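Remarks on the structure that follows.
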Ligand SMILES: *Cc1c(COP(=O)(O)O)cnc(C)c1O
C-alpha cells in the first residue's frame, strides 16, 4: 500500500498534457478534443488506414525544406536516410533541395521520383563498384568520396575521354560531437572519411587533384547526429575551414546533425537559426567557399506522429503498468538502439492531462521491445484506444524492419484536410515476394 501511495504522489507531480510544440506544426484539436494533423482527424485516419500508421503533416515538411533553402539555396541537401519514399523525394525536390543518397537502393527510389540526377549526391563509406557505376551512368551531381579504394574504383570506371564526376572529399576533422558537447578527440576513431590529423586528408586532396577521373570541387564533413548546440557546428566549420582555405575549392559541406526535441524539456534550434550561426561562423573564419548543409532529422522528425491501437493493458500491482500496442521495434527501433525517449498522447483527448504512467511496449517476441519507457497518458485510456507518439518522422519508417514478419506500416501525408496515402501497408504477399520457397 505504501508503494501505491508513492505512485500517486509521483503521478500527480507528472500530470501534464502533451507539450504542444512536440506535435507537427499544423496540429489542432477537433470538436471532441481529438488530435487533428494537417486538417485530418487522427481517429478517422486510424480507422481508414489501420494502425500502426505514420501520419505526416505535409506543410511541416515543406516548411522545413523552405527554411533550409532560404538559408543555403541549392546547397541545402536533404539526407534521405532520415525518411524516404517517392512522395518525399518529390516533395523535397519541389521545395528546391538536393538529395543525398548513400546506397544504390536510396538512389533507385530518388530516381523513381524523377529527381534530376544532377540534384543527387552520392554518399557512403563503402560504395560498391556497382553503386558507383549506377551513379556514374545516370550522372549524379556530386560524389562524396570516402576512401582511397573508392578513388581506385572511380578511376577504374571513368574511362578516358568520359566526363569526370564532380567529387567532394569526406574529411574526419578530429573533432566530433559527443553527448551534446563538442569535444576534440585525440585520435580520429571513425570509419568515415580521410583523417585530417594523420595527413590522409592531404594525400587524398593531392591524389584527387591530380586525377583525370574526378573533378575535385570541395570538402565535406559530418560531425554527428542529434546535436543540440549549434556552436558545435561553428567549431567544426572552423577546423575544416582552416584545412580547406589553402585549397581554394568552391564548396564546403558541413553535413547534417541538427538536433530536435523529442521529449518534454528539450529545446532545439530551428534550421534558420542553425543557418545563421553557420553563415556567421563561415564569415568569421573567412571561408569563401559556398557552405552546404545536409539536414535529415531536422526536416522530418517532428513532422510525423505514429498512431497505434492499444491491445493489452496489464497492471502489475506495485510494479508498473504495461500498455501493449500493435507496432513496436519494427516501426521505431530508436528506443531499443539508442535508448531514445518519446512522449505519448491519447488521440481522442489530445490536450488532456496525462495522469498515469505506463511502459508502452510493442508486439514483438522480446522483452526489450519497448517504445516508451515512461509513457504518460490520461488514466481513462482503454483497450481499443488510439494512442500516438510524436516526433517519429525520422529514422522510424526508414529503419523499420519486418521482424516477426510484421507488415511495415503505411505512410499518410496530410494537408488542408486531405489525407494522401503515399506508402501502403505491406501485405503477406510482399513478405513472400522475394522468398523462392
Ligand atoms: C546521417 C547524415 C546526415 C543527416 O543527419 P541528420 O542528423 O539526420 O540531420 C547528413 N549527412 C551525412 C553524411 C550523414 O551521414
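The values are calculated or read from the model by the stated rules, or taken from the named source; none is laboratory data. All of these numbers come straight from a predicted model, not from anything done at the bench. Note: ideal-geometry Cβ built from the backbone for every residue, glycine included; neighbour counts use all protein chains shown.
Give me the residue from region 416-435 that is touching a helix residue (DSSP H, G or I) at 6+ places or on another chain (Cβ under 7 Å) and assigned to a strand (DSSP E or B) and, out of that set, surrounded by the fewest Cβ atoms within 10 Å (Cβ to Cβ). In this case the residue turns out to be 421. All of 388, 384 fail the test of being closer than 28 Å to residue 30 by Cα, touching a residue at least 12 places away in the same chain (Cβ under 8 Å), outside any strand (DSSP E or B) and outside the structural domain of residue 62 (by TED's automatic domain parsing), apart from 384. Residue 225 meets all of the listed conditions (1) closer than 20 Å to residue 102 by Cβ; (2) at pLDDT below 90; (3) away from the ligand (no atom under 16 Å from the Cβ) but one, namely (3). Determine, yes or no, whether residue 98 is in contact with a strand residue (DSSP E or B) (Cβ under 7 Å, 6 or more places away or on another chain) and not assigned by TED's automatic domain parsing to the domain that holds residue 397. Yes: the conditions hold for residue 98.
Residues are listed down the side, and each one gets a yes or a no for (1) surrounded by fewer than 20 Cβ atoms within 10 Å (Cβ to Cβ); (2) in contact with a strand residue (DSSP E or B) (Cβ under 8 Å, 6 or more places away or on another chain):
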| residue | (1), (2) |
| --- | --- |
| 194 | no, yes |
| 199 | yes, no |
| 212 | yes, no |
| 220 | no, yes |
| 232 | no, yes |
| 251 | yes, yes |
| 275 | no, yes |
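Comparison of 390, 378, 410 shows that the only residue that is within 19 Å of residue 345 (Cα to Cα) and under 19 Å from the mean Cα position of the chain (by Cα) is 390. Yes or no: residue 383 modelled with pLDDT of 95 or more and under 21 Å from the mean Cα position of the chain (by Cα)? For residue 383, the condition - modelled with pLDDT of 95 or more and under 21 Å from the mean Cα position of the chain (by Cα) - is not met.
Does region 115-127 include one or more residues that are assigned by TED's automatic domain parsing to the domain that holds residue 205, assigned to a strand (DSSP E or B), crowded, with 18+ Cβ neighbours inside 10 Å and touching a helix residue (DSSP H, G or I) at 6+ places or on another chain (Cβ under 8 Å)?
Yes; the residues of region 115-127 include at least one that is assigned by TED's automatic domain parsing to the domain that holds residue 205, assigned to a strand (DSSP E or B), crowded, with 18+ Cβ neighbours inside 10 Å and touching a helix residue (DSSP H, G or I) at 6+ places or on another chain (Cβ under 8 Å).
Listed here are the residues, each with its yes/no results for (1) closer than 22 Å to residue 256 by Cα; (2) within 22 Å of the chain's Cα centre (by Cα); (3) within 16 Å of the ligand (Cβ to nearest atom); (4) free of Cβ contacts under 8 Å to residues at least 60 places away in the same chain.
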{"residue": "29", "(1), (2), (3), (4)": "no, no, no, no"}
{"residue": "80", "(1), (2), (3), (4)": "yes, yes, yes, no"}
{"residue": "87", "(1), (2), (3), (4)": "yes, yes, no, no"}
{"residue": "93", "(1), (2), (3), (4)": "yes, yes, no, yes"}
{"residue": "105", "(1), (2), (3), (4)": "yes, yes, yes, yes"}
{"residue": "123", "(1), (2), (3), (4)": "yes, yes, yes, yes"}
{"residue": "132", "(1), (2), (3), (4)": "no, no, no, yes"}
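For region 271-324, filtered to residues that are within 16 Å of the ligand (Cβ to nearest atom) and part of a strand (DSSP E or B), the residue that is nearest to residue 28 (Cα to Cα) is 304.
Restricting to region 240-270, what's the tally of residues that are in a loop (DSSP other than H, G, I, E, B), within 10 Å of the ligand (Cβ to nearest atom) and either touching a residue at least 60 places away in the same chain (Cβ under 8 Å) or farther than 27 Å from residue 102 by Cβ (or both)? Give the steps one after another, and end with the answer.
At the first step, the residues of region 240-270 found to be in a loop (DSSP other than H, G, I, E, B) are 248-250, 254-257, 259-270.
Next, from what is left, pick out any that are within 10 Å of the ligand (Cβ to nearest atom): 254-257, 259-260.
Among the residues that remain, those that are also either touching a residue at least 60 places away in the same chain (Cβ under 8 Å) or farther than 27 Å from residue 102 by Cβ (or both) are: 256-257, 259-260.
Final tally of qualifying residues: 4.
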